[in-house]
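Below is one structure, written out as structure tokens; the observations come after it.
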Amino acid sequence: MNNLQEYAYTGPLHNHILQVITGLNNFPDYTDLEVYNTAKTEVELYYTDNNLGDPAVLSFSEYQNQVNTVMAQGEDMSDYFTSLKDEGKINQEQLNFLLNINSLVVESDDSNKLCNNLFSLQQEINLSSLLFEKKLLVYGTAVIAYHSSYYWFSAYNNPNDPWYNTVPVEKRLKWWVKALRDLAGFTAGFIVGSLISGGNPAVGIAAGTVTGSGASSK
């Protein structure tokens, strides 16, 4: 596949994984391994059902490394994204897009406006001069940000949502922090998945989807 929109499935698949997690027998007292196995299973099923090949999901240890890296960033991923550029893992144009996504999400107070801006940014990425795989990294991050923002805003504002009472209101993270962890987790996972697969975009998407789900559900 060489059309960005053909990889937009990462957003709905990511949200589906989060919803499946709410059905675990010990929700919300699940373990990291249970979340990983759930995400891995759902991604593998989706890839099989849609003839997308082997997703080659990251090992549990690598997944944990990436999730923990994202968790250590707090409520702003700009320094993390800049470090990826400094380490040669992304280029300046990718960094600019990632910082833009980050700034849109941080302290957002209007999920509808945020999603509209993220959708517009997806179009900008599509029209950019980046090579396809490099474009897909930031496009996938924007897609995850879009779907995750809607998901967590809804979860935190609906008393009937399974996530609503998992943490007391006064102690829980803001909804946009959950989205921020999702999108940074996707970025982290995509980079590793792409690297170990020799640049296979479907593997990068799979690794990013699993890692993003782990980062926000932690």
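The values are calculated or read from the model by the stated rules, or taken from the named source; none is laboratory data. Keep in mind that this is a model prediction, so the values were computed, not measured. With ideal geometry, Cβ positions are generated from the backbone for all residues, glycine too; neighbour counts draw on all protein chains shown.
The table below gives the values:
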{"item": "Given (1) part of a helix (DSSP H, G or I); (2) under 19 Å from LEU13 (Cβ atoms); (3) touching a residue at least 24 places away in the same chain (Cβ under 8 Å), index of the condition LYS135 fails", "result": "(2)"}
{"item": "In region 87-146, the residues that are under 17 Å from the mean Cα position of the chain (by Cα) and among the aromatic types (Phe, Trp, Tyr)", "result": "PHE97, PHE119, TYR139, TYR146"}
{"item": "Residues satisfying the stated conditions in region 193-218, i.e. of a type in the set (A, V, I, L, M, F, W, C) and over 14 Å from GLY140 (Cα atoms)", "result": "LEU195, ILE196, ALA215"}
{"item": "Positions within region 143-178 being surrounded by 21 or more Cβ atoms within 10 Å (Cβ to Cβ) and among the small types (Gly, Ala, Ser), in sequence order", "result": "ALA145, SER148, SER149"}
{"item": "Filter result (buried (at least 24 other Cβ atoms within 10 Å of the Cβ) and among the charged types (D, E, K, R)) within region 179-218", "result": "ARG181, ASP182"}
{"item": "Residue in region 71-111 that is nearest to LYS174 (Cα to Cα), counting only those that are among the polar types (S, T, N, Q) and in contact with a Phe, Trp or Tyr (Cβ under 9 Å, 6 or more places away or on another chain)", "result": "SER108"}
{"item": "Which numbered condition GLY88 fails, given (1) loosely packed, with under 14 Cβ neighbours inside 10 Å; (2) touching a Pro at 6+ places or on another chain (Cβ under 9 Å); (3) not charged (D, E, K, R)", "result": "(2)"}
{"item": "Test: residue in region 11-26 that is part of a loop (DSSP other than H, G, I, E, B), touching a helix residue (DSSP H, G or I) at 6+ places or on another chain (Cβ under 8 Å) and at pLDDT below 95", "result": "yes"}
{"item": "Selected residue (only one of SER149, SER120 is in a helix (DSSP H, G or I), touching a residue at least 40 places away in the same chain (Cβ under 8 Å) and of a type in the set (Ser, Thr, Tyr))", "result": "SER149"}
